[in-house]
Amino acid sequence: MAEKNKPHYEELKAQVNFHNYRYHTLDEPLISDLEYDRLLNELKQIEADHPDWITPDSPTQRTGSKPADRFEKLRHPRSILSLANAFGADDARAWLERIKKLDDRVEKAKFVVEPKIDGLSVVLHYRDGLFTQGATRGDGEIGEDITSNLRTVRAIPLRIPVESQKSKVESRGPSTFDLRPPRYLVVRGEAFIPNKDFDELNRKLEEAGEKTYLNPRNTAAGSLRQLDPQLTASRPLTLLVYQIVYSEGGEVPTSQWEILEYLKALGFPVTDVAKRFNDLESAIAYTETWNEGRDKLPYEADGMVIKIDDLTLAADLGFVGKDPRGAIAFKFPAREVTTTLNDIGVAVGRTGVLTPYAMLEPVEIGGVIVERATLHNFDFIAEKDIRVGDRVLVKRAGEVIPYVIGPVVDARSGKEKTYKPPTKCPACGEAVEHFEGEVAWYCVNAACPAQLVRNIEHFVSRSAMDIVGLGIKIVEQLIETGLVKDAADLFTLKKEQLLELEGFAGKKAENLLGSLNQAKVQSLNRLIAALGIHGVGEVMAGDLSRAFGNLSALSKASAEELQQIEGVGPNIAESIVDWFAQPANQKVIRKLKAAGVDPVVQLSEISGQSSVLGGLTFVVTGTLPTLTREGVKELIESNGGKVTDSVSKKTSYLVLGENPGSKADKARALGVKILDEAALRKLIG
Ligand code: IVH
């Protein structure tokens, strides 16, 4: 290719860099990936013909350099400072009081609040507009030269405007900068992996059967602080820039707010969460909204940074050790901590599932002492190679139960012990079983006391029989003393028996017997839900009770009959049939009945006496001769049937009127039986 094509090459390079910026920095691409690739390929082609044209700001230079043997050291042009922490509003107020005493200007100071991203601090050098070097923070004076790795991070601009280009840097915000961008500029930012990309990365690794990563922070730091740039390139790293560390041969703004605007105008990625305030209280209030809303941030933030906006003032305030006085890190309560895994316990659930849990050296996470955390299942322990005695990373966030993320392998002493899952149920000593295709191990002994506790706990719970005053402790006592061997035993408890239990004074026993008595008349749907049949929750229990009207009818239903009900598939049908087929369960039903617990569907529930349509599902379409839509629904439901909106294989009958919709066609296609109003009435009799 001739020399005259060089302008085209330069133009192409600028174009690819621009689209890269639109995509990775602004998140607002203008062209498709395909078009981008086309431009990049053309660029590569030209460079193959003219290797001497290649400059370090070419987008082709981001990937591919060879692994290094070690990192060179790189001295920072200024100390890379750290931040003092504030744990709450009072700490932040105390900080302000301290610095007010040092300088009168603090009284009128403004504050900028920015997210404190939990990533890796990086320092980027630009000479004459070109990205030339990048380093880690290191000890704050000297860092590691990770230029080749940073080059692969697409959010890092390889070129920024400089004075020689006579650019008037225009911000997309309200301010315009008429500054001479410096010939030598050193900026600082935080490199990180967004949460969404981290989850995706782990999902892919899991799919490939490879080891997954613990958290975005460690993964980001690890990806940048290893010697192979190819590997860095394969990680979804990005960054946000927030500070000008040093500049030479040009002017830069003197307020933090304008620095952010300016950096953005130069093409750096800058947070859009930052805000400026006229007083500390407003800054604190803003910080606290992000404490509550931290899950809305697309990355892990361990707090917000509150900075004095006036950078001259901030610099004059000086620093304490490595912490500048002009800024403070307002920390969010930690959600991830490390602690020692003292042992692994195994809980037996209501369905017999064995679940391992971590017994931890107690540790505070976000204001709560955590001693136990879930380990999910035995496969998880094996996959993560979690050993007893390990330092483990534990997370507690929001409403979720604390869980172990994984071991800190580097902290091992060699004394940690590999864990072997139990072969016997820890509660009853019977052998445990594993079902094909399932992760869980089960105790299949129906008489297992651990299962019994969970079963009864569920039976009496608020969404089931709602027996007030029967907490887990009492349930355990009743089972330990042998007074209760199944749910039905609850209803034959005597006052004398209760009085013998620890902590049972007269009134307490009477109250409990009172609530048990009341529970005898609980509705059928609650009783069905209380039985704890696998797959039968509250809603399904309601459907079953309306369809069958009493427990005895339900217990005799075949799988085919059950599948007539909307929402009941073959698995649930089988689970119901199996449950009633077990002699132990049949005994419970008999005992419940004998104790007077045998509800039939309340009249108010189906507002009719008949259940001739029990188990049948109807869909109505078109205009019927005499009945309105509501009328036909009432008629069907008051006879035990169910009305749904759409036709499926489970629909028993389509009730067809004049001018039907597409439902009629669908019913015909599926072979669903069709009735007119007269036929429906005949069916009901
Ligand atoms: S300002 C003088 N701003 O937090 C400037 N730091 O604990 C001092 N960090 O090492 C830092 N986001 O890696 C600042 N918006 C932000 C930040 C931030 C994250 C990190 C940074 C620093 C650590 C201080």
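The values are calculated or read from the model by the stated rules, or taken from the named source; none is laboratory data. All figures in this text were calculated on a predicted structure; none of them were measured in a lab. Note that we place each Cβ from the backbone using ideal geometry, even for glycine, and neighbour counts take in every protein chain shown. All accessible areas refer to the heavy atoms of the entire protein, side chains included, with ligands and DNA or RNA removed. Shrake-Rupley method; radii C 1.70, N 1.55, O 1.52, S 1.80 Å.
Given H placed on each backbone N at 1.01 Å, which residues far from Tyr246 in sequence or on other chains put an amide H within less than 5 Å of it?
Residues meeting the criterion, in which the H sits 1.01 Å from N, are Val186.
Quick one: give the max-minus-min coordinate of the C-alpha atoms of the chain along each principal axis, largest first, in Å.
95, 70, 52
Using 23 Å as the Cα-Cα cut-off, could you pick out the over-long pairs in Lys633/Lys666; Lys307/Lys395; Lys264/Lys322; Lys473/Lys494; Lys520/Lys587; Lys296/Lys331?
Lys307/Lys395; Lys264/Lys322
Quick check: residue separation of Asn41 and Glu658 times 0.36 nm, minus the Cα distance between them. What number comes out in nm?
Extending this stretch completely gives an extra 215.7 nm.
What does the extension gain come out to for Ala447 and Lys507, with contour length at 0.36 nm per residue minus their alpha carbon separation?
Once the chain is fully extended between Ala447 and Lys507, it gains 18.4 nm.
Using the Kirkwood radius built from alpha carbon pairs, what does the Stokes-Einstein equation give as D for region 188-279 at 37 °C and 0.692 mPa s, in µm² per second?
211 µm²/s
Once label points are set 7 Å from the Cα along Cα→Cβ at both Glu141 and Asp49, what is their separation, rounded to one decimal in nm?
5.3 nm
Taking 0.36 nm per intervening residue step and subtracting the Cα-Cα distance, what contour gain separates Lys587 from Ser463 on full extension?
Stretched fully, the Lys587-Ser463 segment lengthens by 42.3 nm.
How do Trp441, Trp579, Trp95 rank by accessible surface area computed with a 1.4 Å probe, from largest to smallest?
Accessible-area ranking of Trp441, Trp579, Trp95, largest first: Trp441, Trp579, Trp95.
Run the dipole for region 1-150 about the Cα centre, Lys and Arg Cβ at +1, Asp and Glu Cβ at -1, nothing else charged, and hand back the magnitude in debye, nearest 20.
My answer is approximately 580 debye.
Does region 347-396 classify as rounded, prolate or oblate by the C-alpha gyration tensor (a ≥ b ≥ c root eigenvalues; a/c under 1.5 gives rounded; else a/b over b/c gives prolate, otherwise oblate)?
oblate
Around Gln522, with a cut-off of 12 angstrom between Cβ atoms, what is the net charge of the other residues, counting Lys and Arg +1 and Asp and Glu -1?
So the environment of Gln522 carries a net charge of +1.
Which shape class applies to region 252-343: rounded if a/c is under 1.5, otherwise prolate when a/b exceeds b/c and oblate if not, where a ≥ b ≥ c are the square roots of the Cα gyration tensor eigenvalues?
prolate
Would you mind checking which residues have amide H under 5 Å from Ile365's amide H? H placed 1.01 Å from N; only 5 or more apart, or other chain.
Val370
How far is it, in nm, from the label point at Ala94 to the one at His8 when both lie 7 Å from their Cα along the line to the Cβ?
Inter-label distance under the simple model: 6.8 nm.
Determine the calculated [θ] at 222 nm for the chain from helices alone, applying -39500 (n - 2.57) to every DSSP H run no shorter than 4 residues and normalising by the residue count; nearest 500 deg cm²/dmol.
Numbers: 25 runs with 242 residues, N = 685.
Roughly -10000 deg cm²/dmol at 222 nm, from the helical runs in the chain.
Run the numbers on the chain and let me know its relative contact order in percent, using alpha-carbon pairs under 8 Å that are six or more apart. Mind showing how you got there, number by number?
Values: 1229 pairs, mean separation 60.4, N = 685.
Once divided by the residue count of the chain, the mean separation gives 9 percent.
Please list, short to long, the whole-number percent of alpha-carbon pairs of region 476-555 in consecutive 10 angstrom bins beginning at zero.
Once binned at 10 Å, the Cα pair distances of region 476-555 give 17, 39, 27, 16, 1.
What is the percent carbon and sulfur in the accessible area of region 1-150, measuring with a 1.4 Å probe over the protein chains and ignoring ligands?
49 percent
Cα convex hull of region 554-682: mean projected area in nm², to one decimal?
On the way: hull surface 35.5 nm².
Reported value for the Cα convex hull: 8.9 nm².
List the residues, sorted by chain then number, that are 5 or more residues from Lys116 or on another chain and whose placed amide H is less than 5 Å from its amide H.
Asp302, Gly303, Met304, Val305
Taking every DSSP beta bridge with both residues inside region 366-442, roughly what % is antiparallel (nearest 5)?
In region 366-442, DSSP labels about 90 percent of beta bridges as antiparallel.
Using a Förster distance of 60 angstrom, determine the FRET efficiency expected from the C-beta separation of Lys556 and Glu72, and round it to 0.05.
Efficiency, from the Cβ-Cβ distance: 0.15.
How would you rank 632-643, 301-312, 240-251, highest first, on the average number of other Cβ atoms within 10 Å across their residues?
Put in order of decreasing packing, that is 301-312, 632-643, 240-251.
Quick check: net charge around Gly615, other residues with Cβ under 14 Å of its Cβ, Lys/Arg +1 and Asp/Glu -1? Mind showing how you got there, number by number?
On the way: positive: Arg546, Lys556, Lys642, Lys650; negative: Asp543, Glu560, Glu561, Glu566, Glu637.
So the surrounding residues net to -1.
Once phi is turned into θ = phi - 60°, what whole-Hz ³J(HN,Hα) does the Karplus curve with 6.51, -1.76 and 1.60 give for every residue of region 563-570, x standing for Gly and Pro?
Here the 3J(HN,Hα) series is 6, 5, 7, 3, x, 9, x, x Hz.
Calculate, for the chain, the solvent-accessible area per residue in square angstrom, rolling a 1.4 angstrom probe over the heavy atoms of the protein chains.
Per-residue accessible area for the chain comes out at 50 Å².
At q = 0.12, 0.15, 0.21, 0.31 Å⁻¹, what log₁₀ I(q)/I(0) does a Debye calculation on the Cα points of region 56-110 give, no solvent, two decimals?
Each listed q corresponds, in turn, to -0.63, -0.71, -0.99, -1.11.
How large is the accessible surface of Met359 in square angstrom, using a 1.4 angstrom probe and rounding to the nearest 10?
It works out to around 60 Å².
If you roll a 1.4 angstrom probe over the protein chains with everything in place, what fraction of the accessible area of region 371-469 belongs to carbon and sulfur, to the nearest %?
Reported share for carbon and sulfur atoms: 51 percent.
Rank by packing, highest mean first: peptides 261-272, 496-507, 647-658, with packing defined as the count of other Cβ atoms within 10 Å averaged across residues.
Details: 261-272: 21.0, 496-507: 11.8, 647-658: 17.7.
The packing order, highest mean first, is 261-272, 647-658, 496-507.
Would you mind telling me the share, in percent, of accessible area of region 537-631 contributed by carbon and sulfur at probe 1.4 angstrom?
54 percent
I'd like the Karplus ³J(HN,Hα) series for region 234-245: coefficients 6.51, -1.76, 1.60, θ = phi - 60°, whole numbers in Hz, and an x wherever there's a Gly or Pro.
For region 234-245, the Karplus curve yields 7, 9, x, 7, 9, 7, 10, 9, 9, 8, 9, 7 Hz.
Stokes-Einstein D for region 618-685 at 10 °C, 1.306 mPa s, Kirkwood Rh over Cα pairs, in µm²/s?
It diffuses with D of about 135 µm²/s by this estimate.
From the backbone phi of region 670-683, what are the Karplus-calculated ³J(HN,Hα) couplings (6.51 cos²θ - 1.76 cosθ + 1.60, θ = phi - 60°) in whole Hz, Gly and Pro given as x?
Ordered by residue, 3J(HN,Hα) equals 8, x, 6, 5, 10, 10, 9, 4, 4, 5, 5, 4, 5, 4 Hz.
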